[in-house]
Structures are given as C-alpha cells and as structure tokens.
Amino acid sequence: MKLRKVTAASAVVLALAVSVTACGGDKKDDASGGKKIKIGIKFDQPGLGLKQPDGSFSGFDVDVATYVAKKLGYQPKQIEWVETKSADRENALQRGDVKFIAATYSITDERKQKVDFAGPYLLAHQDLLVKKGSDITKGTDLNSKKLCSVTGSTSAQNVQKTIAPKANLRPLSGYSECVAGLQSGAVDALTTDDSILAGFAAQDKYKGQFQLTGLKLSNENYGIGVKKGDSATVDKINKALEQMVADKSWDKAVEKNFGPAQYKNEPAPKIGDIVK
Ligand code: GLU
C-alpha cells in the first residue's frame, strides 16, 4: 500500500517535470501544456469564420489561419480563437489581444496606417444580398432603400462614398444581424463581400429566400492583419501563404468552404499583388 502511494506520488512529480520541459519556460504557457496563440476571426460568417453550436470553428479564414499557425509552430489545439468584429480589428491588433487576424479583412491604405498586412490570400468583391424577386438590381437602386451593413467595414464606407450615398444605411455590428433584418423585412438589402453573402444565402435556414445581385462593386483583397511594425511575423505569414497555395491546401480549403455555397472565387492572388 505504502509502496503504491510512493509510486503514485513520483508519477505526479514525473508528469510535472515533463510538462515543465514541454513548456520550455515560456511565461505564456498554460496548465494544459504548450504555448498558445491567439488568432482573431469572425464568429458569425458561414464559410469564412463560424463558431458552431458544439464550440468548434469552421470556414476558409479558420483553415488559412490554422495552416499559418502551424507554420509558426502552433498545432490546432494550441490556437485560441478570438472574435474580432469588423470595427474592432485595428484596436485588437494595436492592443496586442491577438497575434494575427484572418477575418475577411481587406487590405486598405487607411488600415495600413494602423496595422500591417500579410497577403493577400483571397480576392472578393462587394455585392448585394436581396430577397428573391427584389427590384434592386444595381447599386443606384439602393438610394432611398434601407440597406444594412456593418460598422467598420469597407462595404459601409463604399456605399456612403460612391455606390449609393443616399441609401438609408443601417449599420450593425455583425452580418448575421443584417441577414436576420433582411429576412424580417426590416431592411431591403445587405451589402458586403460576395464571399460572405454566398455563405449566408446557402444556409439551410435561408435557402431559396435570397439572391446575390452578382455586381462586383469593389475589389476586396483579404490580408492577414498583424501589429504595426511586426515585419518578422508578416514575412513568416507570407511564406506560409505561399506554401499553402503551392501544396494545394489553399485549393482544398476553397473547395471545402466555398463549394457548398457554390461561391465562384477568384484564383489565389500573388503575395503583395493588390487589385485596386
Ligand atoms: N472585407 C470587408 C472589410 O474588411 C468587408 C467584410 C468585413 O466587414 O469583414 O471591411
């Protein structure tokens, strides 16, 4: 009996020793062993960044971020996903809440004043989502219509600046709220990237109710946001993105995440190649 107790105790000591070694003394290590990386994504965008009811995460951005994290030395179980809504992204990076952000985050000159970007890794286009049979077929049809978009997005800015300055813009904090508003009739249209809209339109609960207009109202070059000045991380992420395309993981992620929504994506962009 006594012997068994001693054995159990030494097993604990041994386990502790092993986990301390595995941690490598990094202060950020947690009790579960191994360092963690915090990555910002969207939680409510099907096909891109979605938190499932079982707590798991899916989408193209999630797969890109998981691939990149691996190349930075982190296994999937070491990733802590953090929700970064459109209007929070620059702040989250500036505060250091996350190491990087992969959240349908378009590279723009304005944002580049505050954060740095790796990529691009996808080219999307702004489009409109309307109810089936809607008479809205072009951008200017939106003037005087109730239009939902998200605060802090390029989509909202483009509407106000160029597409339909007289639209009655209803800014909300996330696209899932906008889609609910479109279904209830609270708004006449929702505008953002076609990649995002296709994912919503294909959801079971909305199937057959909405249509995309197919208007390519802008070029949205998705980048991975990092803290301003962290050029070492930008370089590593760019290498990872190049590898992801070269080893076909990019194609697989496209097929898996955009296939179900029948989203016709553009080919993989070259690193540093921004389509204006
Ligand atoms: N890609 C656009 C942007 O970065 C719209 C999508 C979003 O809000 O995340 O603003």
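Using the Cβ-Cβ distance between LYS276 and LYS256 with R0 set to 35 Å, the FRET efficiency works out to roughly 0.75. Rg and Dmax of the chain, based on Cα coordinates, read 21.6, 83 Å.
For the chain, the longest principal axis of the C-alpha atoms and the axis of helix 60-71 are separated by about 30°.
Our estimate of slack between GLN209 and LYS70, defined as 0.36 nm per intervening residue step minus the Cα-Cα distance, is 46.1 nm.
Listed by chain and number, the aspartates and glutamates whose alpha-carbon sits under 17 Å from that of LYS216, ignoring those within fewer than 8 places in the same chain, are ASP127, ASP141, ASP193, ASP194, GLU266. Axis angle, to the nearest 10 degrees, between helix 249-258 and the longest C-alpha principal axis of the chain: 50 degrees. Cα centroid separation, the range 167-210 to the range 90-146: 14 Å. Computed from the Cβ-Cβ distance with R0 of 25 Å, the FRET efficiency linking SER231 to THR151 stands at 0.25. Give me, ordered by chain and number, the residues 5 or more places off LEU169 or on other chains with an amide H under 5 Å from its own placed amide H. So LEU169 has HN proximity to LEU147. If R0 is taken as 35 Å, the Cβ-Cβ distance between LYS112 and ASP135 corresponds to a FRET efficiency of 0.35. Shape analysis of the range 179-276 places it in the prolate category; the axes a ≥ b ≥ c from the Cα gyration tensor give an a/c of at least 1.5, with a/b above b/c.
Under a 5 Å amide H cut-off, with hydrogens placed 1.01 Å from N, GLY40 pairs with VAL82, LYS99, PHE100, ILE101, ALA102 among residues at least 5 apart or on other chains.
Under a no-solvent Debye model with one identical scatterer per Cα of the range 84-241, what's log10 I(q)/I(0) at q = 0.10, 0.16 Å⁻¹? Calculated log10 I(q)/I(0) at the listed q: -0.37, -0.87. Bridging of LYS77 to aspartates and glutamates at a Cα separation below 14 Å is possible for ASP29, ASP30, ASP63, once same-chain residues fewer than 8 apart are set aside.
Values in this text are rule-based calculations from the coordinates and carry no lab data. Computed from a predicted model, the values in this text were never measured in an experiment. Quick reminder, even Gly has a Cβ in these numbers, built from the backbone with ideal geometry, and neighbours come from all protein chains shown.
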